[in-house]
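Engineer: Before I ask anything, let me first share the structure, which is written out below as structure tokens.
The values are calculated or read from the model by the stated rules, or taken from the named source; none is laboratory data. None of these values were measured; they are calculated from a predicted model. Using ideal geometry, Cβ is built from the backbone for each residue, glycine included, and neighbour counts are taken over all protein chains shown. Heavy atoms of the whole protein, side chains included, go into the accessibility calculation; ligands, DNA and RNA do not. Shrake-Rupley method; radii C 1.70, N 1.55, O 1.52, S 1.80 Å.
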Amino acid sequence: QVQLVESGGGLVQAGGSLRLSCAASGRTFSTDAMAWFRQAPGKEREFVSAITWKDSTYYAVSVKGRFTISRDNAKNTVYLQMNTLKPEDTAVYYCAGRSGSSIDAVGAYGYWGQGTQVTVSA
């Protein structure tokens with residue numbers, strides 16, 4: 001099993017920044033990629049960004065150029081730096097560990113954190 005704990009969410013004004021963290025523990029070697037997803041009220045969970053253990057990174061079109069994913073192997077932690085935040089970025093953000101093959105499909109991720117709320121005010 002892999003345990004994931006997110007932190008760093010909060011309330012920020014449009015144009016501001018936040019950095020999310022995801023601390024992983026347990027059998028982390030069973031995942032070959034980590035990702036961030038988000039879910040807004042009344043909407044489906046959507047892919048935001050992912051990073052593989054070979055340092056390949058992937059971004060949703062809506063966040064590319066504003067968000068940056070990174071990881072610290074020594075700390076078993078993945079980060080999501082979010083800049084130039086917009087009200088439409090408001091959602092619960094989830095960290096996930098991949099157990100399947102797709103990089104951006106919810107179903108490819110078998111390990112999930114509890115989520116952290118990000119609210120961007122206009």
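Engineer: Given the condition out of contact with any Gly (no Cβ under 9 Å at 6 or more places or on another chain) and either more than 28 Å from Gln1 (Cβ to Cβ) or not in a loop (DSSP other than H, G, I, E, B) (or both), answer yes or no: does some residue in the stretch 110-118 qualify?
Structural biologist: Within the stretch 110-118 (the criterion being out of contact with any Gly (no Cβ under 9 Å at 6 or more places or on another chain) and either more than 28 Å from Gln1 (Cβ to Cβ) or not in a loop (DSSP other than H, G, I, E, B) (or both)), the answer is no, since none of the residues qualifies.
Engineer: Give me the pairs, please: first residue somewhere in the stretch 104-122 and within 18 Å of Leu80 (Cβ to Cβ), second residue anywhere and open to solvent by 50 Å² or more (accessible area, probe 1.4 Å) and of a type in the set (D, E, K, R), beta-carbon distance under 7 Å, and either six or more positions apart or on two chains.
Structural biologist: Pairs that qualify, where the first residue is within 18 Å of Leu80 (Cβ to Cβ) and the partner is open to solvent by 50 Å² or more (accessible area, probe 1.4 Å) and of a type in the set (D, E, K, R), are Val106/Arg45; Val120/Lys86.
Engineer: Out of the stretch 30-45, which residues are surrounded by fewer than 16 Cβ atoms within 10 Å (Cβ to Cβ), closer than 17 Å to Ala108 by Cβ and not polar (S, T, N, Q)?
Structural biologist: Asp32, Glu44
Engineer: Additional query: Which members of the stretch 55-103 meet the condition of being in contact (Cβ under 8 Å) with a residue 60 or more places away in the chain, farther than 25 Å from Gly26 by Cα and not in a loop (DSSP other than H, G, I, E, B)?
Structural biologist: Met82, Pro87
Engineer: Let me ask something else about it. Filter the stretch 75-103 for residues that are modelled with pLDDT of 95 or more and charged (D, E, K, R); which is surrounded by the fewest Cβ atoms within 10 Å (Cβ to Cβ)?
Structural biologist: Step by step, filter the stretch 75-103, then rank; the result is Glu88.
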